[in-house]
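Readers should treat all values here as calculations from the given coordinates under stated rules, not as data from a laboratory. Please read these numbers as outputs of a predicted model, since none were measured by experiment. All Cβ positions, even for glycine, are placed from backbone atoms using ideal geometry, and neighbour counts span all protein chains on display.
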Amino acid sequence: MKIAICIFLVCCFSFIKNSAQNPHQHKPDKNLLKIIDQNMMDAAAQYKVLMKNLPADQFPKTYSPTTGQYEFSNSDWWCSGFYPGTLLYLYQQLKDTVLYNEAVRVLDLLKKEQFNTSTHDLGFMMYCSFGLANDIHPSLVYKEILLNSARSLSTRFNPMAGCIKSWDVKPNEFLVIIDNMMNLELLFWATKASGDSSFYKIAVAHANTTMKNHFRADNSSYHVLNYNDSTGLVQQKRTAQGFADESAWARGQAWGLYGFTETYRETKDKRYLDQATKIAAFILSHPNLPADKIAYWDFNAPGIPDALRDASAAAIMASALIELGGYVNKKLSAQYFNTAATILTNLSASKYKTAPGSNGGFILQHGVGHLPNKTEVDVPLTYADYYFVEALIRYKNAFK
C-alpha cells in the first residue's frame, strides 16, 4: 500500500521537464524574452554548422577556437546525450525538421548504450536524449530503451553503501560523485512508466546518502566520496575536478542544486527542497560569486577575480534556479528568478554567446571541463549548450 501511494504521489506531482511553475506571478524581463527568441534561432543556425562538421558515427565534445580543431567521442562518452537533447529542445521551439531528423539519426547511434552497465551517466546520456524524444513523440521503442537504461543504471547500486557507484576503480573502493544526482531522474521516470518501485527506492536511497555525506557544514559539496563497498562507511572525501579537496567546485555545486531540486519535484519530500535551498543560499551568498552571476570555475579558485569563469556551471545554475523558484516562498522565488535572468542575459551577450558561424557551431564559449587535468579548459561544451537552452525555455515557459 505504501509503495502504491508513493507511486501515485510521484505521478501526481511530476511535471514536464522543461516547464517551471510561477505561483508568485513574477513579471518577466521583456528584454530577456526577446533575447530568448533570438537565441533560439541563433542556436539552431549554430547547430547546423556543428552538424555539417560532425563525423557520421561520432558525437561532439568540444572545439578549440585557437587551433580550429574539434574533439569528438563515441556514444559511450558521458556527454553523448547532450547533442541530440539540444537539437530536440530547439526543435520543440522552432519546429525545424532538419534539427529533428539529425537528432533521430544520432539517437540510432546512441541506443546501444541502454545496456551499458559500466557507467553511472545513463541519465545524462539517455534521459536527456531519449527522454526528450519520447516527450515529443511517445513511442514504445523509446520507452523500452529508457527502461533498459534504468535497469542498467540500477545494477550499479550498492545497498550497503546506499548509493550508485560512479567510477570503477580499486577493490573495496566505491566512488560516488555529486554529478550522480543528475542521473536519478531516469530512475524516477522508470517507476512511473513501469510501476516498478525498485527504481524509485534506489533513487531515494542515493539522494538520502548523498544528502547525509556529501555536504559540508556551509552546505557546499565535495566532489567525490569514497565508500567501502563492503561496510558502506565513508573512507575519504575529496574533490577531483575542483581546485582542492576542501574547495567548492562550481559545477559540482550546480549539479547538487539541480539534482535535489528535481528529486523534490519527483517525491515532494520537503527534505530535498530544504537541501536545494541550502545549496542555493551557499551559491548566491558566496562572496566570490561575481556580480554578473557567471561563476568562477571554483568558488575558491586561485587568482580571483582573474580566474576562469565556467559558463556550463552558470547555465546549470540558471536552469535549476528557475525550477526551484516554483517551489519556494515569494521572496526566495523572486531572488531565484532574478538571478537566473541575470545569468541568462549575461550568457546571451557576446562575451559568452558565440558569434554566428564561429566556435565550431557551439552556442556558448568559456566552459571549463577539468582544469586540474588540463582538459576542456576555456572551451565550448555540449552540456553548457544543453542547459543554457533548457534554462531559456524554462524562463520563457514560466510566463506563459
Legend entry - Residue among GLN335, GLN365 that alone is of a type outside the set (Gly, Ala, Ser), closer than 18 Å to ILE36 by Cα and surrounded by fewer than 24 Cβ atoms within 10 Å (Cβ to Cβ): GLN365
Inset, instruction - Could you check how many residues of region 149-177 are in contact with a Lys or Arg (Cβ under 9 Å, 6 or more places away or on another chain) and closer than 23 Å to GLY85 by Cβ? - result: 3
Inset, instruction - Only residues that are closer than 15 Å to PHE130 by Cα and touching a Leu at 6+ places or on another chain (Cβ under 7 Å): list them for region 39-88, please. - result: SER75, SER80, GLY81, PRO84, GLY85, LEU87, LEU88
Inset, instruction - Scan region 112-155 residue by residue and report those that are within 20 Å of the chain's Cα centre (by Cα) and charged (D, E, K, R). - result: GLU113, ASP121, ASP135
Legend entry - In region 287-306, the residues that are part of a loop (DSSP other than H, G, I, E, B), in contact (Cβ under 8 Å) with a residue 12 or more places away in the chain and on the phi < 0 side of the Ramachandran plot: ASN288, PRO290, ASP292, ILE294, ALA295, TRP297, PHE299, ASN300, ALA301, PRO302, ILE304, PRO305
Inset, instruction - Test PRO380 against the stated conditions and say whether it is crowded, with 21+ Cβ neighbours inside 10 Å and either touching a helix residue (DSSP H, G or I) at 6+ places or on another chain (Cβ under 6 Å) or not polar (S, T, N, Q) (or both). - result: yes
Legend entry - Long-range neighbours under 8 Å by Cβ, at least six apart or interchain, first residue at positive phi within region 172-196, second surrounded by fewer than 24 Cβ atoms within 10 Å (Cβ to Cβ): ASN172/ASN228; ASN172/ASP229; ASN172/SER230; GLY195/ILE7
Legend entry - Residue, farthest from THR382 (Cα to Cα), within region 41-85, restricted to residues that are assigned to a strand (DSSP E or B) and in contact with a Gly (Cβ under 7 Å, 6 or more places away or on another chain): TYR70
Legend entry - LEU284 vs. criteria part of a helix (DSSP H, G or I), free of Cβ contacts under 8 Å to residues at least 60 places away in the same chain and surrounded by fewer than 23 Cβ atoms within 10 Å (Cβ to Cβ): yes
Inset, instruction - Taking the options PHE188, PHE157, PHE174, name whichever one is among the hydrophobic types (A, V, I, L, M, F, W, C) and surrounded by fewer than 22 Cβ atoms within 10 Å (Cβ to Cβ). - result: PHE157
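A quick yes/no check of all residues on (1) among the basic types (Lys, Arg); (2) surrounded by fewer than 22 Cβ atoms within 10 Å (Cβ to Cβ):
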| position | (1), (2) |
| --- | --- |
| ASN183 | no, no |
| LYS192 | yes, yes |
| GLY195 | no, yes |
| ARG216 | yes, yes |
| SER220 | no, no |
| ALA240 | no, yes |
Inset, instruction - Would you confirm whether any residue within region 324-332 is crowded, with 21+ Cβ neighbours inside 10 Å, of a type in the set (D, E, K, R) and out of contact with any strand residue (DSSP E or B) (no Cβ under 6 Å at 6 or more places or on another chain)? - result: no
Legend entry - Pair list, Cβ < 6 Å and 6+ apart or interchain, from region 80-93 residues that are without any contact (Cβ under 8 Å) to a residue 12 or more places away in the chain and surrounded by 24 or more Cβ atoms within 10 Å (Cβ to Cβ) to residues that are part of a helix (DSSP H, G or I) and not β-branched (Val, Ile, Thr): none
